[in-house]
Amino acid sequence: MNDQTVKKTILSGIQPSGALTLGSYLGAIKNWAALADEYNCYYMMADMHAITVRQNPAELRKRTIEQLAAYIAAGLDPEKNTIFIQSHVSAHAELSWVLSCYTMFGELSRMTQFKDKSAKNADNINAGLFTYPSLMAADILLYQADLVPVGGDQKQHVELTRDIAVRFNGVYGDVFKIPEPYIPKVGARIMSLTSPENKMSKSDKDPGGCIYIMQPPEEIMRSFKRAVTDSETQVRYDVANKPGVSNLMQIYAVATGKSFDEIEKEFEGKGYGDFKLTVGEAVVELLRPIREEANRLLADKAYLESVYKDGAARAARTAYRTLNKVYKKLGFVAR
Ligand code: ATP
Ligand code: LTN
């Protein structure tokens, strides 16, 4: 038996719609690197998803490559993981169309991300923003993924993918593997440092609330010093009453591996000033090697190009196998 038949498959992706944040690192990427030996892994730069919101073309191109460098710098070995750019494997667009015919208007209307993004982009509520989950389902189902490692905000999309796959299989037999979301216990929802009731998000209009993977240490420290806390002085995990402090505790816990109990003890009797500095320093040290390695890789464009070309060729082999099967089941005449 070869690897493909023994190992389970993983697929995930991130849209190059902005600089990568600490949220996407802790919620998603950090967990990916550890899975390479156990699973057959596919990770992509979801550039096709990114254009559901208007992008500057030069920026999009640049960010896609920066995201690739960050993936590798965060520990994704291109020899062990298939890393590719979504638009390079046209099977994604093709299966997306098919699946949009098996996705219901009502289902898409219930997606919280669609509701949030329509509110934020009221002048551009385009059809792609609405059918975004059908493309995401295509991404996942093309590779017959067993697991989809994402942050908590993407759970609803993975659940819809399952519903679409079950519906399709119900009509045509066992075509798709039914995937499961894989969400970290801690770090699945990192909040903004300035408005801890909102998710830290790369397209956030308030950059002070966000920490970026590639940000210099001084800026990271400045953002942590300004982080919103509350009028008490006690470091205690209580999301409902102390959202700012609980968010900082969550960040510190994932950065250091400490439990909430240990953190509460560590800062007993100390003020928030000390606490914010310590969390900031832990994040600086967590991100430092990633930033340095990403910058080193970005100076070697030929290497990065070889990674995404090789990735797309490998991904396409699997993707077209599934797409051909789907077309046959649907009754399309073979090309
Ligand atoms: P955008 O603002 O463009 O919607 P985003 O910053 O919300 O982007 P995504 O590209 O949507 O980030 O997410 C990339 C991955 O990181 C997804 O798996 C997502 O669930 C996860 N993720 C994003 N933000 C966070 C966060 N604040 N906490 C934990 N996980 C997150
Ligand atoms: N929608 C995801 C990005 C994404 C994705 C995927 C994640 C696109 N396709 C397939 C997992 C599997 C987001 O992070 N906003």
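The values are calculated or read from the model by the stated rules, or taken from the named source; none is laboratory data. This is a predicted model, so every value here is computed, not measured. All Cβ positions, even for glycine, are placed from backbone atoms using ideal geometry, and neighbour counts span all protein chains on display. Calculation scope for accessible area: heavy atoms of the full protein, side chains included, ligands and nucleic acids excluded. Shrake-Rupley method; radii C 1.70, N 1.55, O 1.52, S 1.80 Å.
General remarks:
- Charged neighbours of Leu60, selected by a Cβ distance under 15 Å, balance to +2 (K, R count +1; D, E count -1).
- Treating r as the C-beta distance of Asp77 and Ser231 and R0 as 56 Å, the FRET efficiency rounds to 0.75.
- Among Tyr172, Ala70, Ala28 the positive-end extreme of the charge dipole of the chain (Cβ point charges): Tyr172
- Among Leu287, Ser306, Thr318 - extreme Cα towards positive end, dipole of segment 268-319, charges at beta-carbon: Thr318
- Pairs from the list Lys120/Lys202; Lys117/Lys202; Lys8/Lys185; Lys120/Lys199; Lys7/Lys325; Lys80/Lys177 with a Cα-Cα gap above 19 Å: Lys8/Lys185; Lys7/Lys325; Lys80/Lys177.
- Gyration tensor (Cα) of the chain, equivalent ellipsoid semi-axes in angstrom: 36, 22, 19
- Protein heavy-atom surface of the chain, 1.4 angstrom probe: 53% of the accessible area is carbon and sulfur, with nucleic acids and ligands not counted.
- Dividing the C-alpha radius of gyration of segment 1-95 by 2.2 N^0.38 Å, with N its residue count, gives 1.11.
- The chain, relative contact order [Cα under 8 Å, separation at least 6], %: 22
- Rounded to 0.05, the FRET efficiency of the Asn241 and Phe105 pair, given R0 = 35 Å and the Cβ-Cβ distance, is 0.30.
- The residues packed around Arg189, meaning those with a beta-carbon under 13 Å from its beta-carbon, carry a net charge of +1 if Lys and Arg are +1 and Asp and Glu are -1.
- Using a simple spin-label model with pseudo-atoms 7 Å out from Cα toward Cβ, Ala34 and Glu262 lie 1.3 nm apart.
- For segment 258-310, lysine pairs with C-alpha atoms less than 20 angstrom apart, excluding pairs fewer than eight positions apart on the same chain, total 4.
- Low-density loop cleavage sites - trypsin sites (Lys or Arg not before Pro) in segment 87-128, where at most 14 other Cβ are within 10 Å (DSSP): Arg110
- Considering only alpha-carbon pairs that sit under 8 angstrom and 6 or more positions apart, the relative contact order computed for segment 81-149 is 43 percent.
- With the simple spin-label model, which puts each label point 7 Å out from Cα in the Cβ direction, the Glu285 to Ala127 separation comes to 5.3 nm.
- Computed P(r) (all Cα pairs; segment 123-272; 5 Å bins; percent): 2, 8, 14, 16, 15, 13, 11, 9, 7, 4, 2, 1, 0
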